[in-house]
Amino acid sequence: MKLTIFHLYPEAMNLYGDLGNILTLVKRCQWRGIDVEVSNIKVGDKADFNQADLIFLGGGQDRGQSIIAPDLLRKGSQIKEAVDNGAVSLTICGGYQLFGKYFRTAEGTEIKGIEVFDAYTVAGNRRLIGNVIVEAGNWASGQNQEKLVGFENHSGKTILLNDLSPLGTVVKGFGNDGEGKTEGAVYKNAFGTYLHGSLLPKNPWFADYLILKGLKRKHLEIEGLDELDDTLEMDANVAAQKRAMTAKTTYI
Amino acid sequence: MRKFLAVLKAKTSVSIIRLFKVGGGSTFPGLLAEKIDPQIITKLSSKLKYGSIIITGTNGKTTTSKMISDILTKAGYEVVSNRAGSNMTRGVASSLIEKSSWMGTKIDGDIGVFEIDEATMAYAVKKIKPKAILVTNLFRDQLDRYGELDKTAKIIKDSFSDANKTQIILNADDPLVASMGQDVNASYYGLDDSNIVATSEAAMDSKDCLRCGAELVFKQRYFGHSGIYSCPNCGFARPKPKNIAFNISLSPEATFMQLRLHSDAIGVSINLPGLFNVYNVLAAASLTHWLGVDKKIISESINAFQAAFGRMEKITIGKKHMLILLVKNPTGFNQVLRSITSDDTKKTVAILLNDNFADGTDVSWIWDSELELLKNRTGRIFVGGIRAQDMALRLKYAGLNMSFVKIIKEEEKVIDESLDSLPDGQTLYVMPTYTAMLKIRNMLTSQGLVKGFWEGQ
Ligand SMILES: [Zn+2]
């Protein structure tokens with residue numbers, strides 16, 4: 001049994017500990033004896049997204065985003081097709097924005113996205129920064145945990161259109177558009193979010209959820225994953241939640 | 001009258017604050033004085049006969065500034081500097097007030113050496129009107145505070161427009177810094193040593209040309225994004241520096257190197273490890289050489305250099321030693337990890353992670369740091385600070401044996417307990433973030449083990 005991860009543009013898009021997410025997916029597979037392979041996809045690389053169980057795209061600076069955007073656009077239809085066929089994807093911050101329809105910068109230029117999410121992003125005039133707690137949406141029912149904790153730092157405001165579901169509701173923090181209501185987006189098995197921190201180490205149930213969904217792409221028979229000792233993970237989760245509740249959220 | 005009032009009020013607050021030892025008192029008087037007279041910095045710094053120098057950049061500001069101050073002091077200058085680690089303009093105002101007469105008409109000093117936070121550069125340059133600006137390097141640091149790295153580069157570059165006659169001294173090896181040399185009076189420093197080669201791809205913060213966005217080609221990489229590079233698209237390339245360090249020899253305790261400063265050549269050794277300190281030495285030597293300081297004075301001061309607190313300063317407590325290595329961003333952390341794991345002995349280590357404003361409130365950067373380097377190189381590891389659990393979790397995913405890792409939240413207790421477990425004659429390696437370092441420092445100061453904030457560093 002093997003999980004194949006496509007890590008998109010690990011060099012241009014690696015802000016805020018994105019590697020921690022990959023490391024978490026890899027380790028949690030290895031600890032269970034599941035083979036895992038990470039393919040790093042760079043600008044210009046040919047990639048067969050039918051092979052991907054899990055696609056990851058992290059955040060980047062504005063410059064990183066504009067460098068990869070044209071290449072992502074070329075791969076867009078393939079990625080959408082893979083997602084429609086059940087591939088899992090996790091996109092964070094800048095990556096999440098580019099999985100929407102477009103990102104309109106402060107200067108008014110529109111960077112086109114690949115429209116996995118029926119959402120768009122516009123540059124805001126302040127940075128939304130701080131610890132975040134999110135109550136996961138309906139997709140997480142049946143999980144024994146439902147809270148996600150992380151750190152947000154974005155000036156883009158993401159607007160979800162039509163009936164696109166958010167990743168969850170904000171308990172603490174600014175969320176998608178700074179209003180403190182919704183955070184992230186979910187379409188099939190594609191998850192977009194502003195949370196880094198890194199996100200997955202402190203939210204092991206979500207990491208496992210993604211791993212299981214990813215494995216099911218080729219191994220429908222799997223029902224669950226072996227349990228791991230997550231004491232330390234959940235201690236860190238609780239500590240981060242405490243910090244989110246006490247620390248002042250700021251914006252600059 | 002306004003200046004008099006500002007100096008008078010602030011002077012009073014200096015003594016009151018020092019009396020009660022509230023936070024060392026290093027920024028409060030300046031804050032007060034700037035409120036009363038917004039021109040106070042300009043008025044007082046203009047009284048410095050030889051003008052002022054500004055040092056900015058992500059890493060090495062404090063060490064480089066201290067080295068420059070030491071060299072200038074030895075050369076006979078009366079230095080005014082914001083040494084107490086308050087590198088916002090308030091700290092500058094405080095240090096000027098501290099050295100000024102009650103009426104603010106005279107100042108006890110003839111040259112200013114100010115370390116300035118990247119984000120405050122626009123304001124600081126306008127107020128201080130420096131004769132030289134030194135930019136050390138730009139790495140990811142507390143992105144939550146400054147936005148993004150490209151923006152930080154722009155803030156610094158834009159500040160030069162208020163400094164048209166100013167000498168700009170830039171690190172040629174850092175493409176983000178070197179690209180600021182366009183259209184200004186710039187000179188450069190850099191390494192010239194084919195034996196220094198980066199071994200890791202981690203912490204490559206900036207691989208793209210800031211001018212055109214194409215990916216830079218590195219002929220040689222020293223660490224992170226520092227090295228010898230060129231842009232295949234627009235022709236931007238590492239400027240050839242007139243100040244260079246070569247024949248560099250690194251060890252966990254000391255560093256030797258030769259310097260060529262224009263036509264002068266010197267050999268120096270410092271009791272600090274790490275390539276970072278080679279850059280600090282080279283930067284300090286380049287700037288003071290430009291000021292006309294004799295090469296003999298430069299090399300003697302560097303050889304006698306004592307680190308500032310927390311910057312690899314060694315403290316002896318009874319029969320045990322403690323080396324405190326401030327960590328604040330992935331590149332700096334990696335350098336520290338590399339220097340302490342460069343030999344095979346198993347080290348006892350304490351890591352303290354806080355997420356207060358001065359530390360950076362976002363702790364994700366620890367996931368970009370190579371804690372994997374500690375594997376098989378450590379005995380016991382003590383983890384503390386507000387986000388101790390995050391650090392412990394990072395160590396777990398780095399593949400360390402967690403039965404040797406102990407979480408103790410309070411900074412003071414971490415030091416107590418790790419020193420307790422340390423055998424005589426050995427060194428405890430402490431890696432704190434900024435506010436954790438201050439706590440350790442206060443604890444050691446109260447026990448008389450290190451000098452207080454104000455007694456010179
Ligand atoms: Zn270029």
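If you check B:Lys413 against the conditions, is it more than 24 Å from A:Gln30 (Cβ to Cβ), at pLDDT 95 or above and not hydrophobic (A, V, I, L, M, F, W, C)? Here the answer is no, as B:Lys413 does not meet what is asked. Residues in the stretch A:72-119 that are of a type in the set (Asp, Glu) and at positive phi: 1 in all.
To keep it simple, each residue is scored yes or no on (1) modelled with pLDDT of 95 or more; (2) in a loop (DSSP other than H, G, I, E, B); (3) over 16 Å from A:Gln61 (Cβ atoms).
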position: B:Leu138; (1), (2), (3): no, yes, no
position: B:Asp144; (1), (2), (3): no, no, no
position: B:Lys151; (1), (2), (3): no, no, no
position: B:Asp158; (1), (2), (3): no, no, yes
position: B:Lys165; (1), (2), (3): no, yes, yes
position: B:Ile168; (1), (2), (3): yes, no, yes
position: B:Asp173; (1), (2), (3): yes, yes, yes
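Among the residues examined, B:Ile71 does not qualify as crowded, with 24+ Cβ neighbours inside 10 Å, in contact (Cβ under 8 Å) with a residue 24 or more places away in the chain, under 12 Å from the mean Cα position of the chain (by Cα) and within 21 Å of B:Ser299 (Cα to Cα).
Yes or no, residue by residue, for (1) in a loop (DSSP other than H, G, I, E, B); (2) more than 14 Å from chain B (Cβ to nearest Cβ); (3) over 27 Å from A:Glu152 (Cα atoms); (4) not small (Gly, Ala, Ser):
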{"site": "A:Leu3", "(1), (2), (3), (4)": "no, yes, yes, yes"}
{"site": "A:Phe6", "(1), (2), (3), (4)": "no, yes, no, yes"}
{"site": "A:Tyr16", "(1), (2), (3), (4)": "yes, no, no, yes"}
{"site": "A:Leu25", "(1), (2), (3), (4)": "no, no, no, yes"}
{"site": "A:Asn40", "(1), (2), (3), (4)": "no, no, no, yes"}
{"site": "A:Ile55", "(1), (2), (3), (4)": "no, yes, no, yes"}
{"site": "A:Ser66", "(1), (2), (3), (4)": "no, no, no, no"}
{"site": "A:Asp71", "(1), (2), (3), (4)": "no, no, no, yes"}
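In the stretch B:368-382, the count of residues that are outside any strand (DSSP E or B), crowded, with 23+ Cβ neighbours inside 10 Å and either within 8 Å of another protein chain (Cβ to nearest Cβ) or in contact with a strand residue (DSSP E or B) (Cβ under 8 Å, 6 or more places away or on another chain) (or both) is one or more. Among the conditions (1) in contact with a strand residue (DSSP E or B) (Cβ under 6 Å, 6 or more places away or on another chain); (2) surrounded by fewer than 19 Cβ atoms within 10 Å (Cβ to Cβ); (3) not acidic (Asp, Glu), the only one that B:Asn164 does not satisfy is (1). The set of residues in the stretch B:350-367 that are crowded, with 18+ Cβ neighbours inside 10 Å and either of a type in the set (A, V, I, L, M, F, W, C) or more than 14 Å from chain A (Cβ to nearest Cβ) (or both) comprises B:Ala350, B:Ile351, B:Leu352, B:Leu353, B:Val363, B:Trp365, B:Ile366, B:Trp367. Report every pair of residues separated by at least 6 positions or lying on different chains whose Cβ atoms are under 8 Å apart, first residue within the stretch B:235-246 and within 16 Å of the ligand (Cβ to nearest atom) and open to solvent by 30 Å² or more (accessible area, probe 1.4 Å), second in a loop (DSSP other than H, G, I, E, B) and at pLDDT 95 or above. Short answer, once both residue conditions are applied: B:Arg238/B:Ala172; B:Arg238/B:Asp173.
Within the stretch B:253-262, identify whether any single residue is within 16 Å of the ligand (Cβ to nearest atom), open to solvent by less than 10 Å² (accessible area, probe 1.4 Å) and not in a helix (DSSP H, G or I), and answer yes or no. Checking the stretch B:253-262: not a single residue is within 16 Å of the ligand (Cβ to nearest atom), open to solvent by less than 10 Å² (accessible area, probe 1.4 Å) and not in a helix (DSSP H, G or I).
Residue pairs whose Cβ atoms lie under 8 Å apart, separated by 6 or more positions or on different chains, with the first residue in the stretch B:385-397 and without any contact (Cβ under 8 Å) to a residue 12 or more places away in the chain and in a helix (DSSP H, G or I) and the second of a type in the set (Asp, Glu) and open to solvent by less than 10 Å² (accessible area, probe 1.4 Å), are B:Leu393/A:Glu233.
If you take the residues in the stretch A:171-211 that are more than 26 Å from A:Leu19 (Cβ to Cβ) and among the β-branched types (Val, Ile, Thr), which one is nearest to the other protein chains (Cβ to nearest Cβ)? If we take residues in the stretch A:171-211 being more than 26 Å from A:Leu19 (Cβ to Cβ) and among the β-branched types (Val, Ile, Thr), then A:Val171 is nearest to the other protein chains (Cβ to nearest Cβ). Looking across the stretch A:20-46, the residues that are crowded, with 17+ Cβ neighbours inside 10 Å and not β-branched (Val, Ile, Thr) come down to A:Gly20, A:Asn21, A:Leu23, A:Leu25, A:Lys27, A:Arg28, A:Cys29. Within the stretch A:223-251, the residues that satisfy the criterion of being at pLDDT below 90 and among the β-branched types (Val, Ile, Thr) are A:Thr246, A:Thr249, A:Thr250. Within the stretch B:206-223, the residues that satisfy the criterion of being away from chain A (no Cβ under 13 Å) and either surrounded by 21 or more Cβ atoms within 10 Å (Cβ to Cβ) or near the ligand (Cβ under 8 Å from one of its atoms) (or both) are B:Tyr222, B:Phe223.
When restricted to residues that are in a loop (DSSP other than H, G, I, E, B) and more than 23 Å from A:Ser155 (Cβ to Cβ), the stretch A:73-93 contains 3. What residue, among those in the stretch A:5-44 that are farther than 24 Å from A:Gly76 by Cβ and aliphatic (A, V, I, L, M), is modelled with the lowest pLDDT? Taking the candidates together, the pick is A:Leu19. Restricted to the stretch A:97-138, and to residues there that are under 13 Å from A:Glu183 (Cβ atoms) and open to solvent by 20 Å² or more (accessible area, probe 1.4 Å), the residue that is nearest to the other protein chains (Cβ to nearest Cβ) is A:Glu135. Of the residues B:Ala178, B:Ala124, the single one that is in a helix (DSSP H, G or I), at pLDDT 95 or above and open to solvent by less than 20 Å² (accessible area, probe 1.4 Å) is B:Ala178. Taking the conditions exactly as written (surrounded by fewer than 16 Cβ atoms within 10 Å (Cβ to Cβ), more than 14 Å from the ligand (Cβ to nearest atom) and away from every other protein chain (no Cβ under 14 Å)), does B:Ser194 satisfy them or not? Spelling it out, B:Ser194 is indeed surrounded by fewer than 16 Cβ atoms within 10 Å (Cβ to Cβ), more than 14 Å from the ligand (Cβ to nearest atom) and away from every other protein chain (no Cβ under 14 Å). Out of curiosity, is B:Ile270 over 23 Å from B:Gln335 (Cβ atoms), more than 14 Å from the ligand (Cβ to nearest atom) and hydrophobic (A, V, I, L, M, F, W, C)? No; evaluated as a whole, the condition is false for this residue. Taking A:Tyr96, is it in a helix (DSSP H, G or I) and among the aromatic types (Phe, Trp, Tyr)? The answer is yes for A:Tyr96.
Taking the criterion of being surrounded by fewer than 22 Cβ atoms within 10 Å (Cβ to Cβ), away from every other protein chain (no Cβ under 14 Å) and in contact with a helix residue (DSSP H, G or I) (Cβ under 8 Å, 6 or more places away or on another chain), would at least one residue in the stretch A:212-223 satisfy it? Taking every residue of the stretch A:212-223 in turn, at least one turns out to be surrounded by fewer than 22 Cβ atoms within 10 Å (Cβ to Cβ), away from every other protein chain (no Cβ under 14 Å) and in contact with a helix residue (DSSP H, G or I) (Cβ under 8 Å, 6 or more places away or on another chain). Checking the condition farther than 19 Å from A:Ala240 by Cα, modelled with pLDDT under 95 and hydroxyl-bearing (Ser, Thr, Tyr), which residue from A:Ser141, A:Ser165 passes? Every option except A:Ser141 fails the conditions. Only one entry in B:Lys320, B:Lys328, B:Lys406 is open to solvent by 10 Å² or more (accessible area, probe 1.4 Å), within 13 Å of chain A (Cβ to nearest Cβ), basic (Lys, Arg) and touching an Asp or Glu at 6+ places or on another chain (Cβ under 8 Å), namely B:Lys406. Among residues that are surrounded by fewer than 23 Cβ atoms within 10 Å (Cβ to Cβ), charged (D, E, K, R) and at pLDDT 85 or above, B:Asp344 is not included.
The values are calculated or read from the model by the stated rules, or taken from the named source; none is laboratory data. Just so it is clear, the model here is predicted, and its values are computed rather than measured. Glycine gets a Cβ as well: all are built from the backbone with ideal geometry, and neighbour counts include every protein chain shown. Ligands, DNA and RNA are stripped out before the accessible areas are found, and what is left, the full protein with its side chains, is counted by its heavy atoms. Shrake-Rupley method; radii C 1.70, N 1.55, O 1.52, S 1.80 Å.
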